[in-house]
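The values are calculated or read from the model by the stated rules, or taken from the named source; none is laboratory data. This structure is a prediction, so every number in the text was calculated from the model and none was measured. We place every Cβ from the backbone using ideal geometry, glycine too, and count neighbours over all the protein chains shown.
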């Protein structure tokens, strides 16, 4: 497969401190993400619920709202959960996921 899966990458969103990243690739599909600089706001659910906010850069994947992108995210979560649960057959689960992700990427992104 030409696309290398980033098993530990972001899910199509990243909110680093202002100016710390020039560019960020999507951890789901590998495309360069769009960026808004110096955004004042929360970066997570807990921060939002507490009414907190801070300056950050906001990177988002232009593909993030597409069904195929969400499907890859779901597959990666399933593999992660299998790993932390020490699921029997984890390697086979991961291999199957790699194949499925490769097929989804090939069907939806011109590389």
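Say whether the condition of being under 14 Å from residue 10 (Cα atoms) and without any contact (Cβ under 8 Å) to a residue 40 or more places away in the chain is met by at least one residue in segment 81-99. No, the conditions are met nowhere in segment 81-99.
Where residues in segment 65-111 are in a loop (DSSP other than H, G, I, E, B) and modelled with pLDDT under 95, which of them is surrounded by the fewest Cβ atoms within 10 Å (Cβ to Cβ)?
Looking at the filtered set, the residue picked out is 110.
The residues of segment 20-50 that are in a loop (DSSP other than H, G, I, E, B), exposed (fewer than 11 other Cβ atoms within 10 Å of the Cβ) and at pLDDT 95 or above, listed by number, are 20, 22, 23, 50. Is it the case that some residue within segment 32-50 is closer than 19 Å to residue 3 by Cα, free of Cβ contacts under 8 Å to residues at least 24 places away in the same chain and in contact with a strand residue (DSSP E or B) (Cβ under 8 Å, 6 or more places away or on another chain)? For segment 32-50, residues closer than 19 Å to residue 3 by Cα, free of Cβ contacts under 8 Å to residues at least 24 places away in the same chain and in contact with a strand residue (DSSP E or B) (Cβ under 8 Å, 6 or more places away or on another chain): present.
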